[in-house]
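What follows is a set of notes on a single structure, which appears directly below.
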Amino acid sequence: MALSRVRLFQPHGEGTRLLPQASRLVELPYSSFDDDEDDDTAEQDPGVWYPDPPKLSPFSHCVRYLAFLWNLLFLLLGLLTLAVGVWGLLAKSPLPGGVPLSSDPMLLFVLAGLGASAVSLAGCLGAFRASPCLLRFFLGAVLAFGGLEVLGGLLLLLARRRLRDALWDLLLLCLLRYQDDPDLQFLVDEVQRSLQCCGLESYRDWESNPYFNCSAPGVQACGVPASCCQDPLENGSVPNIQCGFGVLGLGAAAAGAVVHTGGCGAALGAWLRGQAGAIAAGATTLLLLEAVGALMALRVLRDITAVRAV
């Protein structure tokens, strides 16, 4: 009840005087504002107990930091891949022979680097800033990439014959454009040097190349690349790039003494079959890495949602 202080007057016209402190307090009528004042007082009363908002556990903090570092590592790898692709494109600018940019192999490095960098950056910022939107984008992208990888693996198993035909056509294209694209030239040389082979089916396949054909006007006419030679160094320290010149004009026995006469198609197929276990292990490891990153992001997202829901 509200109390108020009032003055009381003595009777018979005597002068006024203040009553003692206890007697100067009288009750005033009940007011409807009393409840509002009491409510405000209760709301501001420091003695009233209010429940503390939930806090993240040490394990949740640890998962959040691990998710940030995990995505930071893949962000650096993605930026490195992007840098390699951009460097490869700029090193050949302008592209020789009018080769379109869409058919350049280095474009794959650029696209892969951009995709990995964008997804990893979203995961880093989502874990660091506790952003549910970025974490959901990261989870969706990882699930999409994982699904595409699984689908690609199934297609490889179901369409092995078509894959072999496509690889055969790719190798033939590499032979035809050997001198036009430095990336294809490097790839063909590495394959022939590593597998000790020459051409697609035999060393005679280089006759289809306009630069190595016997009717070509250059010095490479009727020859094969130096990567086909059995001993390209020829007891020296620098490879002899002319070791394969004129080989197509020799007989099979004479050519076999200088270059590898077997084709790379069968050798590459045998190498891929021998590396099937390693390829499967690498693909499984990649899927597991993506699954671990997705699980950590999912845990961080669940913790953030639980804290904000209170």
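Near Val259, the amide H atoms lying under 5 Å from its own belong to Gln230; only residues 5 or more places off or on other chains count, and H is placed 1.01 Å from N. Taking other residues whose beta carbon is less than 12 angstrom from the beta carbon of Leu200, and scoring Lys, Arg as +1 and Asp, Glu as -1, yields -3. With R₀ set to 22 Å, the beta-carbon distance separating Phe145 from Trp87 gives a calculated FRET efficiency near 0.35. Heavy-atom accessible area, probed at 1.4 angstrom with all protein chains present, ranks Thr81, Thr305 as Thr305, Thr81, highest first. For region 141-244, the Cβ-based charge dipole about the Cα centre amounts to some 360 debye (Lys, Arg positive; Asp, Glu negative; other atoms uncharged).
Listed values for region 134-150 are Karplus-derived 3J(HN,Hα) couplings in whole Hz (6.51 cos²θ - 1.76 cosθ + 1.60, θ = phi - 60°), namely 5, 5, 5, 4, 4, 4, x, 5, 5, 5, 5, 4, x, x, 5, 5, 5, and x replaces Gly and Pro. Estimated from the Cβ-Cβ distance and a Förster radius of 30 angstrom, the FRET efficiency linking Arg273 and Leu80 is about 0.45. Taking 0.36 nm per residue of separation and subtracting the current Cα-Cα distance, fully stretching the chain between Arg302 and Gln185 would add 37.0 nm. Multiplying the residue separation of Leu156 and Glu201 by 0.36 nm and subtracting their alpha-carbon distance yields 13.9 nm.
The loop-placed GluC sites (Glu not before Pro) in region 179-261, going by DSSP, that have at most 13 neighbouring Cβ atoms within 10 Å of their Cβ come out as Glu234. Extension gain for Gln242-Asp165 works out to 24.5 nm (0.36 nm per residue, less the C-alpha to C-alpha distance).
The values are calculated or read from the model by the stated rules, or taken from the named source; none is laboratory data. Note that the structure is predicted; figures quoted are calculated from it, not measured. Reconstructed Cβ throughout: ideal geometry from the backbone, glycine too, with neighbour counts over all protein chains shown. Please note that ligands, DNA and RNA were not included when accessible areas were found on the heavy atoms of the full protein model with its side chains. Shrake-Rupley method; radii C 1.70, N 1.55, O 1.52, S 1.80 Å.
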